[in-house]
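Working notes for the structure below.
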Amino acid sequence: MMASGLALGLAGAGKRFKTSSRPSERSPTEKQPPGGAFVPSDMLLSPQGYTGQILQPTHSPHTLSQLGYADGFDEEPPLLEELGINFEHIWQKTLTVLNPMKPADGSIMNETDLTGPMVFCLALGATLLMAGKVHFGYVYGMSAIGCLAMHALLNLMSVSGVSHGCVASVLGYCLLPMVILSSSAVVFSLQGIPGTVLALFIIGWCSLSASKIFTSALAMEGQQLLIAYPCALLYGLFALLTVF
């Protein structure tokens, strides 16, 4: 009895050893990764390889339109236009100032363009500096006070009113003849009869151009002489800086 039981035990142990030593019949997709981490079987790669797109989103022509970028950068305005710099209008305003007899375009002159006035103010200060006169502070100070005074006066005289930017733009553009006077002071002295006559001519030129533009932009027909008088006083101060 004992011998037959021992033989049966050895036979069962042999079967179990043969069963555990057989290679696994599971498919590669059922293999578990090391470390005990669980990964679903549908996420494991098959022997044939994965033929889909990995991390590549599908392209749709409506994607950009849904995000608001359909127009792109082609329809955006130029940078100078966004800054309010229009070289054609600057050139037209400059020609209007240089020719006092030329009719002014009220739609263009009513713009608040400060590019030309800043350039002409810098040119006036630079030419005065070349003549040995450091008057940058006086130029900007008198320009600011003159713009405020003319703004108050024009708002009292006109019906529609005017903005500070429009007044500064017109007075700054009409400062161009004064730059010509300060450039002449670099070449020869203006302290004499010829210099005084030239200064009076430049003052009349500046005031006539400014009054013409104001009457055209603000529809103030018949009031050009009333506007020209305070403009002549303002430009007379710049002429005093240039001559003396």
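The values are calculated or read from the model by the stated rules, or taken from the named source; none is laboratory data. Because the structure is a prediction, the values reported are computed rather than measured. Reconstructed Cβ throughout: ideal geometry from the backbone, glycine too, with neighbour counts over all protein chains shown. For accessibility, only protein heavy atoms count, side chains too; no ligands or nucleic acids. Shrake-Rupley method; radii C 1.70, N 1.55, O 1.52, S 1.80 Å.
What is the packing order of peptides 185-198, 88-101, 111-124, 210-223, taking the mean over residues of other C-beta atoms within 10 Å and listing the highest first?
Numbers: 185-198: 13.5, 88-101: 15.8, 111-124: 18.3, 210-223: 20.1.
With the highest mean Cβ count within 10 Å placed first, the list reads 210-223, 111-124, 88-101, 185-198.
So, for the stretch 137-244, what is the accessible surface per residue at a probe of 1.4 Å, expressed in square angstrom?
Details: 4900 Å² over 108 residues.
Here the residues of the stretch 137-244 average 45 Å² of exposed surface.
Quote to one decimal, in nm, the extra length available between LEU156 and PHE87 on full extension: 0.36 nm per residue of separation minus the C-alpha distance between them. Intermediate values should be presented prior to the final figure.
Working: separation 69, 0.36 × 69 = 24.84 nm, distance 3.21 nm.
The LEU156-PHE87 span can extend by a further 21.6 nm.
With label points built 7 Å along Cα→Cβ from the Cα atoms of LEU129 and GLN191, find their separation and express it in nm.
Spacing of the two 7 Å Cα→Cβ label points: 2.3 nm.
Could you rank the peptides 130-140, 161-171 by their average count of other C-beta atoms within 10 Å per residue, with the highest value first?
Details: 130-140: 14.2, 161-171: 20.1.
Final packing ranking: 161-171, 130-140.
Report the Rg/Rh value for the stretch 96-244, based on alpha-carbon coordinates and the Kirkwood definition of Rh. Could you put the intermediate results ahead of the total?
On the way: Rg = 14.7 Å, Rh = 15.3 Å.
Reported Rg/Rh, Kirkwood definition of Rh: 0.96.
So, with a 1.4 angstrom probe, what is the percent of accessible area on the stretch 86-244 that is carbon and sulfur?
On the way: 5640 of 7700 Å².
About 73 percent, which is the carbon plus sulfur part of the accessible surface.
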